1. How well do other chains shield peptide B:111-118, expressed as the mean number of their Cβ atoms within 10 Å of each residue Cβ?
2. For B:Glu124 and A:Ala172, what does the FRET efficiency come to when R0 = 30 Å and r is the distance between their Cβ atoms, rounded to the nearest 0.05?
3. Quick check on chain A: helices-only [θ] at 222 nm, where DSSP H runs of length 4 and up contribute -39,500 (n - 2.57) each and the sum goes over total residues. Nearest 500, please.
4. Using the alpha-carbon atoms, what tilt in degrees (0 to 90, nearest 10) does helix A:472-486 show relative to the longest principal axis of chain A?
5. Quick one: if you stick a label point 7 Å off each Cα along the C-beta vector at A:Ala454 and A:Leu413, how many nm between them?
6. At a Förster radius of 60 Å, what calculated FRET efficiency corresponds to the Cβ-Cβ distance of A:Glu41 and A:Ala511, to the nearest 0.05?
7. Taking R0 as 25 Å, what FRET efficiency do you get between B:Arg157 and A:Arg532 from their Cβ-Cβ distance, rounded to the nearest 0.05?
8. Per residue of A:553-559, what is the mean number of Cβ atoms on other protein chains within 10 angstrom of that residue's Cβ?
Amino acid sequence: MRRFARLFLALAVLASAFPLLLRHVELRSDITDFLPAATTEESAFLLRELRTGAATRLLIAGIEGAPAEDLARISRTMAQRLSADGLFALVANGSALANEEEAALLFAHRYALSPDVTPDAFTEPALRGSLEGVLDGLQSSAAPLVRRFAFADPTGAFLAMLRGWAGEGRVATEHGVWMAAGPRAMLLAQTRAAGLDTQAQQAAVAALRDAYAEAAPPAGARLLLSGPGIFAAEAAATVRADVQLVSTLSFVLVGGFLFWRYRSPMMLAVVAVPLALGTLAGLAVVATVFGHVHGAALGFGMTMLGVVDDYPILLVTNRAPGESLRDTARRIWPTLRLAVAAAVAGLAPMLASGFPGLAQLGLFAASGLVAAALATRFLLPALLPTDSLAVRPLPERLAHALLRLPARRGLVLVLLGVVAAAMVATGGPRMERDLAALSPVPEPVRVLDGELRAQVGAPDVRAVLTLRADSAEAALQAAERAADALAGAFTIDHAARFLPSAATQRARIAAMPDDATLDARLASARDGLPFRATAFDPFLADVAAARALAPLTPDDLAAAPGLAARIAPLLRRDGDAWRALLLPSDVHDMAALRTAVAGVPGLLLVEIKAETEALLAANTGAALRWGAVGGAAVLLLLGAGRGLRAGGRIALALAGALLLTFAALSALGEAITIFHLTAALLLAGVGMDYALFMSRSENSDMAEAARALGSVITCMVTTLLTFGLLALCRTPVLQATGLTVTIGVACAFLLACALAPARRRPI
Amino acid sequence: MNIAGRHQKPGWGFRGDSPPPTFLRRALLLFPLTAQSADPLAAVMAALAAVRSSRATFVEEKEVPELDRPLVSRGTLAWRAPDRLEKRTIDPAPELFLIEGDRLTLERPQRGLRETLSLDTAPELRPLVEALRATLAGDIATLREHHEVRFSGDTTRWRIVLVPRSLRLRGAVQRITLEGSDGVLTVVETQGNEGRTRLTATPVP
């Protein structure tokens, strides 16, 4: 054991560096790091919405598992508590306006705000109808409620306004709150903090759970939650669980394998040195460049176990009898250097993929590889005693079979040709076009979200219209014009539905009859009805007062938090201008909408699904282009390092491995995502090591060839034991990477054997 | 005290399917009550509590300050112990006003209106509902919880005046006067800012 003291000391130093480093590194797990960069105005808008849009700040709660009365009580108690909580901009559960100050303000402005205020509503016959309605209401058991508004607002302008607001949700009201089938009470809460503010979102989720617990839910009742805070937490939990499982299993399996291969537990410690150094370097570099490290990038970094443990294995296994480890390191360094350089060249496209998350993965892996290679070359020989770690020879039959593979080269080439032809004939692998498939959020969580959204009546937004204007007033006017232009064919939700432009407010007031006319018409309308002459004086006084009121503008909404929260998602500052959103619901005919929008100047139509798919396609295309660049760089490096012919042979082994991998993925029914593509690049880097080391033995004897084969087999098995496990992960990025590299590594190994130069002496 | 047990007793009247009680049966019923006439309110409450279900027709006159004549409506009432009270207006416009347990339902088919609400959500409504319901149930404790209770008259011809304890509610409804004889409630008069509403019930024979 003493002989390994230096090794253990080095490991101890590295181990203590981890907590030190992690204290300064921010770990993140939000999905937007894996969203591509925008290229058009539509995609820029879409990405901004996905990152910071109102939808990202919306938490939806469903309460079920108890009688409707209990659910309603819980919903109300929760709404009261949450409204008082500074975390939320808006809490809605279907109950009426809670804020009396706001109700008074809106009541005073009703003739400017209500869509029911048209000149027609104040003609004598219309007034007669309104008065008969008031009488009918007074007759009913709801008379106290009717009387509260009827004499100041006989035409019902205020109630029509509130009804119009409620119309946005299609969920039924029961016991005074939203109640979906089940029964399930529904509650919406919009956070003040952005959807990406993970901590604030988690605090919001905690506040919701607390409010639920304090509402004393009966036994059996359940709280269902969905929203960005939940997504972040669930995604983080999934990634964490995946990473823990994979790293634990990998450790056990790889450790067991190395113990068998090198007849000593020390090999695990040897492998750990470059791995730890590589991980530390990856963390430090990514944190320095990006300011934070994505959880999935870290998870991916852990899988570098499969890549960088190749290096110490190659070093120890390639040592000839009697050779010092230092000499071995010097001898294999040109090959190792070339392998690392080529692998880094293969990873470079990840940096340019446009997905910050993938760029992190690439940077993490590249820095880790370089650090691990340097550690293998310079650090390990100094740490290890010279004569340690004898390698168990490979089973002879296996070695013979593999070393004889080059004799079957023709067959392998034919096989590759057939697979290539089949791929061309079937049109190649199917590409994934759904952004949701890339989300690290577990599917059950997304399904629940869809269900809750449907129940609160949030329409499936397939298209968003947007426009920009110099001022809030101009944006509201433009939204009104656009909504009018589209009104015939589409139902459109927009800010001016809640807060009309000042121009519209003035126009409504101006279109009302003057005081004397209104008084006269009211007197005629009253004829024959039992109302006293003075009964509607409050109405006349309010109309007169409304003429003197200044229009309500977005700046005046401090006293109307409910209205402010309603228009916030639909109208907002955008730089030094204003942006308005218009949401068409139930779009059945996208082509008709496209045509209609084209007729409205300044209005931009963003088709969410199509735009998302275009974004993905653009980025997949970019990844492929950069992949080609990476491939060219690899070829160039190989040609320079090995000469044209040998370089070509290695390149063929790699290309063949990629071909077989994608053919296998297609056969498995996998839709190819950007993660498969970038994993393939990584695979190319890993597979190259094999081809390089297998062909290093071109001018060497059998013993050295067997050592090279043994080292590469060991590398492959450890890689399979790590990446193979990744394929079992639930997180799409890890799963795709694992599957691709697992299949690819096996193919790359066999091709490296088959395409290695033939031995001078047959075995 | 519920000597009548599940037997049907006069409330607003008898159910159509039950025979009118004989004089003897009524005398038997009232005997224990008159025996403790030291507290006539308790006796009235006991008589009311003994009525498990009843039906009546009603005429309601509603005076509203802004109107120069009262609004009149007619319909039927139905009570079923312990907590179901139905007021069905027939004229001039059909309406159903139903209180059952904690739930209040208002239906006006001509207007396509149907609303359900929980009394818990409307604390200002509960005293008004209990003024009627707790009286019919003979539940003096609930009645006192929401109102100050004044009793006058005797068991055969009584008057209960309720004044809401909630100051807020008293701002809208100052007084509810209930009149009746034995276990039958015949008049409900509500005095509030809304004006005065007088409901007269006639038991269905």
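1. Details: counts 4, 0, 2, 0, 4, 8, 6, 10.
The mean count of partner-chain Cβ atoms within 10 Å per residue comes to 4.
2. FRET efficiency, B:Glu124 to A:Ala172: 0.75.
3. Per the formula, -20500 deg cm²/dmol.
4. 90
5. Modelled inter-label distance: 5.7 nm.
6. On the way: r = 38 Å, r/R0 = 0.63.
That pair, A:Glu41 with A:Ala511, gives E of 0.95.
7. Calculated transfer efficiency: 0.10.
8. Details: counts 0, 0, 0, 0, 0, 0, 0.
For peptide A:553-559, the averaged partner shielding equals 0.
The values are calculated or read from the model by the stated rules, or taken from the named source; none is laboratory data. Bear in mind the structure is a predicted one, so any value in this text is a computation, not a measurement. Positions of Cβ are backbone-derived with ideal geometry, glycine not excepted, and every protein chain shown enters the neighbour counts. When the accessible area is computed, the model is the full protein with side chains, heavy atoms only, and any ligands, DNA or RNA have been set aside. Shrake-Rupley method; radii C 1.70, N 1.55, O 1.52, S 1.80 Å.
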